[in-house]
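Chemist: Dropping the structure in here first, questions after.
The values are calculated or read from the model by the stated rules, or taken from the named source; none is laboratory data. As the structure is a prediction and not an experimental result, all values here were calculated from the model. As a convention, Cβ positions derive from the backbone with ideal geometry for all residues, glycine included, and neighbour counts pool all protein chains shown.
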Amino acid sequence: MNKTADYVIIGGGVIGCSIAYNLAKKGAKNIVLIEKKYLTSGATGRCGAGVRMQFGTETNCLLAKNSIEMFENLEEELGYQDSIEFKQGGYLLLAYTEKMVEQFHKNLGVQHKLGIPSRWVTPEESKEIVPHLNTQGLLGATFCGKDGHCNPFKTTDAYAKAAERLGVEIMTYTEVKQLLAQDGRITGVETDKGVIETPVVVLCAGSYSRDLAATIDIDLPITPERHQILVTEPVEMMQGPMVMSFYHGLYCQQVPHGSFVMGLGDPNEPKEYNFNGSWQFLHEMAAKATFLLPPLANLRVVRQWAGLYDLTPDRQQILGSVPGFEGVHLAAGFSGHGFMIAPMTGKLMAEHILGEETSLPISMFDFSRFARGELFVEPSVV
Amino acid sequence: MRIKKHPILEFKTGKIVKFTFDGRELEGHEGETIAAALHAAGIRTMRESGHLHRPRGLFCNIGNCSSCLMVVNGEPNVRVCVERLREGMNVETQKGKGELK
Amino acid sequence: MRQIEIAIVGGGPAGLAAALNASKLGAQVILIDRNDYLGGQLIKQTHRFFGSKQQRASERGIDIALELANEVMANEKIEVLTEATALGHYEDGVLLVEQAGKIMAIKPERFIVATGGAEKTLLFPNNDLPGVYGAGAVQTLVNVFGVKPGKRVLMVGAGNIGVIVSYQLLQAGVEVAAIIEGAPRIGAYWVHAAKVVRAGVPIYTRHTILRAEGEGEVKGAVIAQLDDNWQPIPGTEREIEADVICLSVGLTPLTELLWQAGCQMTFVPELGGNVPFRNEQLETSVPGLYVAGDVSGIEEASAAMMEGALAGINAAASLGYTSDTLTADRQNVLDQLAGLRSGPVGEKIRKGLAQCSL
């Protein structure tokens, strides 16, 4: 099976499907999306799928705010018959140290300038928002009611189906073995099912982007880092917002089905392709979640799993081209917050690939920032 | 409905205890399962399903299938096929997914 | 962290036999079961077993359960954890167990999974109504608790379990309206089938259930005859009055722990569903993880006890334990297993096992 394409997108997560849809919507033709397993089989299908505007840098706030506005109308935009289960119950970000309080107030300043409806709440107000919250040691929190949670499988499915209706060809269970290039220019990709000749490759394969870029001697500073999540049995709705504590490195959300989905950030997680859950996580997660949200102690855990953050040195995504190399575009290294900015990222990447002016500036996310030493640090991530 | 006489089995039962089912006072044997005590009293409907509000009863009776979830002493999602009956238990039909308190 | 030589999950016939045989060779064992008793599903089996004397033929499951459980409880090399749930077996070899709200990390040198099987269900309208039970569920209700599920039963499936449970329902004073069976022949041993037929229960082969009837609870069922392609023949529908529908349509292995532990699995219909690949030692693709009983493929309790014995012997022997009769003991179990699986009765099992050997 040898063929040609105008655009080859590598990676069938939410980012790849969003880029494919946006490219096709802008009239680009002959687009092929390649996924080595099934759509959402990588980081997208394993993520916590929280969606928030409450970031600490203006660029991320804008990316997220625009994306949330797009999530609000996504079913209509994509002609999706099903629901992406967007629940806007808000995010409650907890502050436990004076330093955090200071940082959160700084963040609120940035957010308010951009019209994000976030606010400072006292421990008492926090308890009104989440009545089962243990406020011991809590100094306060920020809350934004527009934040929330989506179903990552259905969101990706919505993008993929809309892309296919616009003519995008999606090849699942097809693995890219290497990128093909000549004289600093992309010529195609070699898959386990044959070669696809193409002048343009979009790399959005999460951590695997690093390995694929290496096949044409591009050294992406992306490290896979395991992160773990568990899900409980469902109960009737009782928690509106995502509760997030950078102090405990924890987030916990009740999804519309009634289950609680929660995860922990652990600096000791292995930095390799390891998808195995650990018993230490189950133990620690249970201890921390039941301290913060005591009634959850009566819930059974039904499943735990692991996924990979595609971590960059500044925990920020790499968006844009590769200087001195024609036909390679990058949308990788999202470092754990890719899902929530996928709608806007897809649009910006499509504009960038087609040589248009982007709706928001993306130059601060470019690949060369690492060589320039201009790291772009986001203070508010788990 | 209890078996009065059996050709090969003798049933060793615990002492008679009282419990309530949806506010009704019933009797059962201590240590038998809540499901067995309810069946002995002729009650086979244990919960209402979440989406279509259909009645559900016992299916596997050994703690595998989650068909018989009820609210026991205020706690939802109790598998009454393996939960033992104790004096004074408050057993309620579970509607939907159950409320965590 | 608890260190132990052998951990066994599942205190049914396979797990009990594994614990006894491993400890007999000298190994220290922890036996974990989620119930508050040992014996698994043996405790509801009031019929006499078939087979040879060594396989405890003509004994009742309920008596075997009691005897094995007592022997295990009295054995100081075996520590028993009841009301304990095995949560997972992790890549560092740790087995996580929950008991009374506390989490325990146990690191066994060998791990035997004997979690058994679960009853399958059947698709038909109203199959979720109260009054539709697995046959095993009714067996537990009647034989363990002495409580009747209703007044009149339609049994779906004429394999051994369907026919034996029908007979036990009759013993308990419950009426059995009929036994229906999709296949053209009764699957149960004739000794069992003859008893229910003599009691006046009709067995309709080549019949299926079309739907359960009733508002709120089962009041009856509609059954129909099947053609040679397993399709209902129009015009053959008939109503059966019954307030209980028992499904005896087979079991499937309870393999969650094996999937989670990373065992290589394969779908083998002859063994009831997804089963682990295993070598002749009953060791899976995860080194040191053994399987025994229904979790490795649905068979009868006698086979589960034999497999348990084998897994127990092999796990202990792999730790260096031995005895003068080790080779002979192991061969004896293997011979008995081969005997159980011989002839036309064992053909399906033999065909199944051939598909999951490492």
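Chemist: Enumerate the pairs (first residue in segment B:38-49 and over 16 Å from B:E25 (Cα atoms) and at the interface with another protein chain (Cβ under 7 Å from one of its Cβ atoms); second residue anywhere and surrounded by fewer than 21 Cβ atoms within 10 Å (Cβ to Cβ) and among the basic types (K, R)) with beta-carbon separation below 6 Å, excluding pairs fewer than 6 apart on the same chain, so at least 6 apart or on different chains.
Modeler: none
Chemist: To continue, here is another question. Would you pick out the residues in segment C:137-148 that are facing chain B (nearest Cβ under 7 Å), of a type outside the set (V, I, T) and either in contact with a Leu (Cβ under 9 Å, 6 or more places away or on another chain) or under 19 Å from C:L251 (Cβ atoms) (or both)?
Modeler: Within segment C:137-148, C:A137, C:L141, C:N143, C:G146, C:K148 meet the criteria.
Chemist: Scan segment B:32-52 residue by residue and report those that are assigned to a loop (DSSP other than H, G, I, E, B) and at pLDDT 95 or above. Outline the logic, then answer.
Modeler: To start, the set of residues in segment B:32-52 that are assigned to a loop (DSSP other than H, G, I, E, B) comprises B:32, B:41-46, B:49-52.
Within segment B:32-52, B:E32, B:A41, B:G42, B:I43, B:R44, B:T45, B:M46 meet the criteria.
Chemist: Same structure, new question: Considering segment B:67-97 alone, what residues qualify as being in a strand (DSSP E or B) and among the basic types (K, R)? Before you say what the answer is, go through the steps one by one.
Modeler: Step one: list which residues in segment B:67-97 are in a strand (DSSP E or B), which gives B:69-72, B:75-79, B:84, B:90-92, B:94-95.
If the condition is that a residue be in a strand (DSSP E or B) and among the basic types (K, R), then B:R79, B:R84, B:K95 are the ones that fit.
Chemist: Out of all the residues in segment C:216-247, which are under 14 Å from C:V132 (Cβ atoms) and of a type in the set (D, E, K, R)?
Modeler: Across segment C:216-247, the qualifying residues are C:E217, C:K219, C:D243.
Chemist: Tell me, which residue of segment C:151-171 that is part of a loop (DSSP other than H, G, I, E, B) and buried (at least 24 other Cβ atoms within 10 Å of the Cβ) is farthest from the other protein chains (Cβ to nearest Cβ)? Spell out how you get there, then give the answer.
Modeler: As a first pass, look at segment C:151-171 and keep what is part of a loop (DSSP other than H, G, I, E, B): C:151, C:157-159.
Imposing the further condition that a residue be buried (at least 24 other Cβ atoms within 10 Å of the Cβ) reduces the set to C:157-158.
Values: C:G157: 15, C:A158: 20 Å.
Once the filter is applied, the top-ranked residue is C:A158.
Chemist: Tell me, please, whether a residue that is of a type in the set (G, A, S), within 30 Å of A:A162 (Cβ to Cβ) and surrounded by fewer than 19 Cβ atoms within 10 Å (Cβ to Cβ) can be found in segment A:71-80. Break it down stepwise before answering.
Modeler: Filtering segment A:71-80 down to residues of a type in the set (G, A, S) leaves A:79.
Filter again for within 30 Å of A:A162 (Cβ to Cβ), leaving A:79.
Filter again for surrounded by fewer than 19 Cβ atoms within 10 Å (Cβ to Cβ), leaving A:79.
Yes, segment A:71-80 has at least one match.
Chemist: Tell me, which residue of segment A:346-361 that is assigned to a helix (DSSP H, G or I) and of a type outside the set (D, E) is nearest to A:G27 (Cα to Cα)? Show your work before the answer.
Modeler: So the first thing to find is which residues in segment A:346-361 are assigned to a helix (DSSP H, G or I), and the list is A:346-353.
Still in the running and of a type outside the set (D, E): A:346-350, A:352-353.
Numbers: A:G346: 14, A:K347: 13, A:L348: 15, A:M349: 14, A:A350: 10, A:H352: 14, A:I353: 12 Å.
Restricting to residues being assigned to a helix (DSSP H, G or I) and of a type outside the set (D, E), the top hit is A:A350.
Chemist: Given the residues B:L100, B:L26, B:L9, B:L58, which is the only one that is of a type in the set (A, V, I, L, M), part of a loop (DSSP other than H, G, I, E, B) and farther than 16 Å from C:K148 by Cβ? Break it down into steps so the answer makes sense when it comes.
Modeler: Working: B:L26 fails: part of a loop (DSSP other than H, G, I, E, B); B:L9 fails: farther than 16 Å from C:K148 by Cβ; B:L58 fails: farther than 16 Å from C:K148 by Cβ.
The unique qualifying residue is B:L100.
Chemist: Now for a separate question. If you take the residues of segment A:206-265 that are at positive phi and within 19 Å of the chain's Cα centre (by Cα), which of them is farthest from the other protein chains (Cβ to nearest Cβ)? If you could, list the steps in order and put the result at the bottom.
Modeler: Initial filter on segment A:206-265 (at positive phi): A:206, A:217, A:249, A:258.
Now restrict to residues that are within 19 Å of the chain's Cα centre (by Cα): A:206, A:249.
Values: A:G206: 22, A:G249: 20 Å.
Top of the filtered list is A:G206.
Chemist: Looking only at residues that are part of a loop (DSSP other than H, G, I, E, B) and surrounded by 12 or more Cβ atoms within 10 Å (Cβ to Cβ) in segment B:12-21, which one is modelled with the lowest pLDDT? Spell out the reasoning first.
Modeler: Quick first cut of segment B:12-21, residues part of a loop (DSSP other than H, G, I, E, B) only: B:12-15.
Pick out the ones that are also surrounded by 12 or more Cβ atoms within 10 Å (Cβ to Cβ) and you get B:13-14.
Working: B:T13: 82, B:G14: 87.
Across segment B:12-21, the extreme among qualifying residues is B:T13.
Chemist: Restricting segment C:100-150 to residues that are touching a helix residue (DSSP H, G or I) at 6+ places or on another chain (Cβ under 7 Å) and part of a strand (DSSP E or B), which is farthest from C:N279 (Cα to Cα)?
Modeler: We begin by selecting, within segment C:100-150, every residue touching a helix residue (DSSP H, G or I) at 6+ places or on another chain (Cβ under 7 Å); these are C:103, C:105, C:110, C:112-117, C:119, C:135-136, C:138-145, C:147-149.
Remaining after also requiring part of a strand (DSSP E or B): C:103, C:105, C:110, C:112-113, C:117, C:119, C:147.
On the way: C:I103: 32, C:A105: 28, C:R110: 15, C:I112: 14, C:V113: 15, C:G117: 21, C:E119: 26, C:V147: 43 Å.
Residue satisfying both the conditions and the ranking: C:V147.
Chemist: Across segment C:113-136, which residue is nearest to the other protein chains (Cβ to nearest Cβ) among those that are of a type in the set (A, V, I, L, M) and touching a Cys at 6+ places or on another chain (Cβ under 7 Å)?
Modeler: As a first pass, look at segment C:113-136 and keep what is of a type in the set (A, V, I, L, M): C:113-114, C:118, C:122-123, C:129, C:132, C:135.
Retained after the next criterion (residues that are touching a Cys at 6+ places or on another chain (Cβ under 7 Å)): C:118, C:135.
Details: C:A118: 5, C:A135: 10 Å.
For segment C:113-136, the residue satisfying everything is C:A118.
Chemist: Considering segment C:172-181 alone, what residues qualify as being surrounded by 18 or more Cβ atoms within 10 Å (Cβ to Cβ) and in contact with a strand residue (DSSP E or B) (Cβ under 8 Å, 6 or more places away or on another chain)?
Modeler: So the first thing to find is which residues in segment C:172-181 are surrounded by 18 or more Cβ atoms within 10 Å (Cβ to Cβ), and the list is C:172, C:174, C:176-181.
The answer is C:V174, C:V176, C:A177, C:A178, C:I179, C:I180, C:E181.
Chemist: Checking the structure you have, find out if any residue of segment C:122-132 is within 23 Å of the chain's Cα centre (by Cα), touching a residue at least 40 places away in the same chain (Cβ under 8 Å) and buried (at least 24 other Cβ atoms within 10 Å of the Cβ).
Modeler: Taking every residue of segment C:122-132 in turn, at least one turns out to be within 23 Å of the chain's Cα centre (by Cα), touching a residue at least 40 places away in the same chain (Cβ under 8 Å) and buried (at least 24 other Cβ atoms within 10 Å of the Cβ).
Chemist: Quick check, is C:D33 buried (at least 22 other Cβ atoms within 10 Å of the Cβ) and either within 19 Å of the chain's Cα centre (by Cα) or modelled with pLDDT under 95 (or both)?
Modeler: Yes; evaluated as a whole, the condition is true for this residue.
Chemist: While we're here: Taking segment B:63-101 as the region of interest, how many residues are within 9 Å of chain C (Cβ to nearest Cβ), surrounded by fewer than 21 Cβ atoms within 10 Å (Cβ to Cβ) and either of a type outside the set (K, R) or closer than 18 Å to A:V302 by Cα (or both)?
Modeler: Start the filter on segment B:63-101 by keeping residues that are within 9 Å of chain C (Cβ to nearest Cβ), which leaves B:63-65, B:67, B:81-82, B:84.
The next check asks that each one be surrounded by fewer than 21 Cβ atoms within 10 Å (Cβ to Cβ); those that pass are B:63-65, B:82, B:84.
Now narrow it down to the ones that are either of a type outside the set (K, R) or closer than 18 Å to A:V302 by Cα (or both): B:63-65, B:82.
Adding up the residues that qualify gives 4.
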